[in-house]
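I have placed the structure first, in the form of structure tokens, so that the comments after it can refer back to it.
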Amino acid sequence: MSGTVNELPRVAFFDFTSCEGCQLTVLDALQTHPELLKVVNIVEFREASSARSEDYQIAFIEGSCTRPGDEERLRKIRETAVYVIALGACAHLGGINAIRNRQPLLDVRQYVYGDKAEWYDTYPARAIDQVIQVDAVIPGCPIDRDEFVRVVTVLLQGRQPKLPDYPMCIECKLHENICVYERGQVCLGPITRAGCNAICPAYGYGCEGCRGLVSAPNMESFQEVLAQHGLSQAEIDEKLSLFLTNQTLLEKELVHG
């Protein structure tokens, strides 16, 4: 993906249901790594420009799919782009939006919209890869700016980005953090994918799982650990629901058939 200025890879950013915080992190990354702007041509990025384009090679998508109408737009992006990258927890996992998937959708709509519930076209929140094929993921809430730079660099080199597939606890130990369990808190680090440099435990807060589960989490044993630390089953489910609703529901389906 190299050549003259006119041949620079064309990059577009799209947003669905999200807070757009990951795109703001991208803007921060571009300020600290302005060299990226010399090797790509950003043709659409609503957070930074009013320009629009239907001609792009790399598409970054923030946000989850929460309406039937989102699917057509996603399919159009997939048909156009050579690479599609899910940007952040909402696109990667369904994110916080997926919390509503644990309750009847009609109840959620009535709670939010009252007697206008039928006015709004919505359905259970989905990760982007539940609708279209995704070529790479940049996890987190928000994403890590340095990881964004690494992924872009790898893509421009024609390589496939790879995420760590080991628990965040390993990063905690490498940074010599005091385990938050020893501070009387609970943490999802034993089942959460590493790559964030254990930023939350480093500041004394338990991991909430925004990077998603490792590929083979021992959920049964982990829930036993949480129970041993005084959490009821309802509290365990609540702890796992902030970012991991879709993944934990899938885990249950796989276990119980």
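Sorting check: for 15-23, 164-172, which peptide has the highest mean count of neighbouring beta carbons within 10 Å, and how do the rest follow? Don't skip to the end; give the middle numbers.
Values: 15-23: 20.9, 164-172: 18.1.
Output ranking for 15-23, 164-172: 15-23, 164-172.
Share of antiparallel DSSP beta bridges in the chain, in percent to the nearest 5?
Beta bridges within the chain, antiparallel portion: roughly 25 percent.
When the chain is modelled as a GNM with alpha-carbon springs shorter than 10 Å, which of ASN246, ASN177, ASN101 fluctuates the most?
ASN177
Which lysines does LYS76 reach when only Cα atoms under 29 Å apart count, and residues fewer than 8 places away in its own chain are ignored?
Qualifying lysines at Cα under 29 Å: LYS38, LYS162.
Give the calculated FRET efficiency between LEU106 and ARG73 to the nearest 0.05, with a Förster radius of 22 Å applied to their Cβ-Cβ distance. If you can, show how the numbers build up before the last one.
On the way: r = 25 Å, r/R0 = 1.13.
Step by step, r from the Cβ atoms, then E = 0.35.
May I ask you to list the chymotrypsin sites (Phe, Trp or Tyr not before Pro) in the range 175-257 that are in a DSSP loop and have at most 10 other Cβ atoms within 10 Å of their Cβ? Walk me through the numbers before you get to the answer.
Details: sites: TYR181, TYR203, TYR205, PHE222, PHE243; in loops: TYR203, TYR205.
In loop regions of the range 175-257 (DSSP not H, G, I, E or B), the sparsely surrounded chymotrypsin sites (Phe, Trp or Tyr not before Pro) are TYR203.
Can you tell which of PRO68, PRO217, PRO104 shows the greatest fluctuation in a Gaussian network model of the chain with Cα springs below 10 Å?
Looking only at PRO68, PRO217, PRO104, the largest GNM fluctuation is found for PRO104.
Which whole-number percent is the relative contact order of the range 173-231 (Cα, under 8 Å, 6+ apart)? Provide the component values of the computation, followed by the final result.
Values: 54 pairs, mean separation 20.2, N = 59.
Relative contact order, the range 173-231: 34 percent.
Using only alpha carbon pairs under 8 Å that are at least six residues apart, calculate the relative contact order of the chain and give it in whole percent.
Numbers: 440 pairs, mean separation 44.8, N = 257.
Once normalised by length, the contact order is 17 percent.
If exposed means no more than 10 neighbouring beta carbons inside 10 Å and the site is in a DSSP loop, what's the longest run of the chain without any exposed trypsin sites (Lys or Arg not before Pro)? Could you put the intermediate results ahead of the total?
Details: sites that count: ARG52, ARG159, LYS162.
In the chain, the maximal stretch lacking such sites is 53-158.
Of ALA29, GLY69, PHE45, which is farthest towards the positive pole of the range 19-93's charge dipole, taken about the Cα centre with +1 and -1 on the beta-carbons of Lys, Arg and Asp, Glu respectively?
GLY69
Read-outs throughout are calculated quantities, based only on the coordinates presented, and are distinct from any laboratory measurement. Just so you know, these numbers come straight off a predicted model, no measurement behind them. Every residue, glycine as well, gets a Cβ built from its backbone with ideal geometry; the counts of neighbours run over all protein chains shown.
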